[in-house]
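The values are calculated or read from the model by the stated rules, or taken from the named source; none is laboratory data. Everything numeric here is computed off the predicted structure, so don't read it as measured data. Note that each Cβ is placed from the backbone with ideal geometry, even for glycine, and that neighbours are counted across all protein chains shown. For accessibility, only protein heavy atoms count, side chains too; no ligands or nucleic acids. Shrake-Rupley method; radii C 1.70, N 1.55, O 1.52, S 1.80 Å.
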Amino acid sequence: MIIANARAVFSQEGPFKLTTIERRDLEAHDVLIEIKYAGICHSDIHTARGEWGPVNYPLVPGHEIAGIVTQVGSSVTKYAVGDRVGVGCMVDSCGKCVNCHNGEEQYCLEGNTGTYGAIDRYGHYTQGGYSTHIVVTEDFVVRIPDGIELDAAAPLLCAGITTYSPLSHWGAAPGKKIAVVGLGGLGHMAVKIAHAMGAEVTVLSQSLKKKEDGLKLGADHYYATSDPETFRTLAGSFDLILNTVSAKIDISAYLSLLALDGTMVNVGAPAEPLSVNVFSLIGHRRSFAGSMIGGIRETQEMLVSANQIDEAWERVLALDVRYRFVINISTMENE
Ligand code: NAP
Ligand code: ZN
Ligand code: ZN
């Protein structure tokens, strides 16, 4: 058994306390990772506060994990000690269903195993990345290319892939008009990635407070949704809207901003149900869709393309603590 230091919440109210957790001894295909950085995702907060349902406390959140392999199981072929690696939102899946076969493990028909707060195949409760070490089967580990610093890589493992996947699925490209709703952790990644893919990007934020940042991140336009004029000016104008908001918003108002055949994709995951006025869909053959993180192959593909040295992607890599806090795990060990 491997003992890791960790930060856990013991109730919905918190606060975080330093504790120790057990990681399983390495199975044949497992790798042991010394975690260097862990990003803070809003999903960590939704989960820890019980907003998505009951939680087994203590809970160690964190699913934007970047670190170094320090030990490998006897049959591991993909990784060696010293490799720079990442782990995202899931650590296992059935491996047999059609979705797993197609590299869409996040949509495993038996349910993927979440990096924290889930029961794994050994019957253990999973604990996440706000900790010094984690043991993960090699198929759910990705390689972080040398050109990407580990602290910058961490947020790509959830915020990055969660926005990259729908942008790529719904064809973000030159000539496409894309709106990103909410400029938080996911939103700032979405702006950078959509811009890097060549789309014309508009940020729809609650106010204009972050306008300068949004434009620096690569947005072409920036509007405040608190201003009703925004909804009149932009009516019918987008091919794709990516909603990254962590709270309930008026979906129908945003649907009215889509052009004919436009799609609004929800990646934000508030606990309350969202309601839709069907007339905002049927009037212009619009779609309302959802998307969850991305597959392992796709995550690796994103990291490789993010490593390509061109100006647009370099901006994706620039760590921006204003929009994603990343925990330096080494400071935890010294406490
Ligand atoms: P975040 O950093 O807190 O950003 C959320 C943004 O939403 C805020 O920055 C804010 O943007 C906007 N917002 C917040 N409250 C709002 C309100 N009441 N009305 C309008 N806008 C509001 O969170 P995050 O880490 O990016 O995560 C965003 C959501 O995505 C969470 O619900 C998270 O659980 C979910 N998520 C889903 C997936 C998936 O696989 N689908 C993966 C990761 C995260 P402005 O200040 O610009 O308005
Ligand atoms: Zn996340
Ligand atoms: Zn499966």
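Tabulated data for the structure shown
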{"read-out": "Accessible area per residue, Å², the chain with all protein chains present, probe 1.4 Å", "value": "44"}
{"read-out": "Inter-site label distance for Asp146 and Phe10 at 7 Å from Cα along Cβ, in nm", "value": "4.6"}
{"read-out": "Cα Rg, Dmax (largest Cα-Cα span) when computed across the stretch 207-253, Å", "value": "11.5, 29"}
{"read-out": "Length gained when the stretch Glu272-Ala173 is fully extended (0.36 nm per residue, less Cα-Cα span)", "value": "32.4 nm"}
{"read-out": "In range of the label at Asn56: residues from the stretch 9-49 whose backbone nitrogen is under 17 Å from the point 7 Å along Cα→Cβ", "value": "9-12, 20-25, 47-49"}
{"read-out": "Unit charges on C-beta of K, R, D, E only; dipole of the chain, Debye", "value": "640"}
{"read-out": "Cα extents of the chain along the three principal axes, largest first (Å)", "value": "60, 43, 43"}
{"read-out": "About the Cα centre, charge dipole magnitude for the stretch 1-82 (Lys/Arg +1, Asp/Glu -1 at Cβ), debye", "value": "120"}
{"read-out": "Carbon + sulfur, % of accessible area of the stretch 75-189 - ligands and nucleic acids excluded, 1.4 Å", "value": "49"}
{"read-out": "Cα centroid separation - the stretch 53-70 against the stretch 187-217, whole Å", "value": "29"}
{"read-out": "Local net charge near Thr137, Cβ-Cβ under 12 Å (Lys/Arg +1, Asp/Glu -1)", "value": "-4"}
{"read-out": "Helix-only mean residue ellipticity at 222 nm for the chain, each DSSP H run of n ≥ 4 adding -39500 (n - 2.57), per residue, nearest 500", "value": "-6000 deg cm²/dmol"}
{"read-out": "Selection of chymotrypsin sites (Phe, Trp or Tyr not before Pro), the stretch 3-38, meeting DSSP coil and at most 15 other Cβ within 10 Å", "value": "Phe10"}
{"read-out": "Per DSSP, loop trypsin sites (Lys or Arg not before Pro) in the stretch 38-106 with at most 16 further Cβ within 10 Å", "value": "Arg49, Lys78, Lys96"}
{"read-out": "The stretch 78-130 - Rg and Dmax from Cα coordinates, angstrom", "value": "12.3, 34"}
{"read-out": "Volume of the Cα convex hull of the stretch 80-169, divided per residue and given in Å³", "value": "124"}
{"read-out": "Cα convex hull of the stretch 4-46 - mean projected area over all directions, nm²", "value": "4.1"}
{"read-out": "Accessible area, probe 1.4 Å, largest first, for residues Lys177, Lys248", "value": "Lys248, Lys177"}
{"read-out": "Rounded to 5, percent antiparallel among DSSP beta bridges of the chain", "value": "60"}
{"read-out": "For the stretch 105-229, diffusion coefficient by Stokes-Einstein and Kirkwood Rh (Cα), 25 °C, 0.890 mPa s, µm²/s", "value": "146"}
{"read-out": "Volume per residue that the Cα convex hull of the stretch 142-203 spans, once the total is divided by residue count, Å³", "value": "81"}
{"read-out": "Taking the stretch 152-220 and dividing mean pair separation by its residue count, relative contact order in percent (alpha carbons under 8 Å, at least six apart)", "value": "32"}
{"read-out": "Within the stretch 113-146, chymotrypsin sites (Phe, Trp or Tyr not before Pro) in DSSP loop having at most 16 other beta-carbon neighbours inside 10 Å", "value": "Tyr122"}
{"read-out": "Residue among Leu32, Ala173, Gly14 farthest towards the positive dipole end of the chain, charges placed on Cβ", "value": "Ala173"}
{"read-out": "Tail beyond 14 Å, pair distance distribution of the stretch 2-77 (Cα, percent)", "value": "67"}
{"read-out": "Shape metrics for the stretch 206-287, restricted to C-alpha atoms - Rg then Dmax, Å", "value": "13.0, 36"}
{"read-out": "Label-point separation, Leu208 to His124 (7 Å along Cα→Cβ), nm", "value": "5.3"}
{"read-out": "Measure of compaction for the stretch 1-142 (Cα Rg per 2.2 N^0.38 Å)", "value": "1.01"}
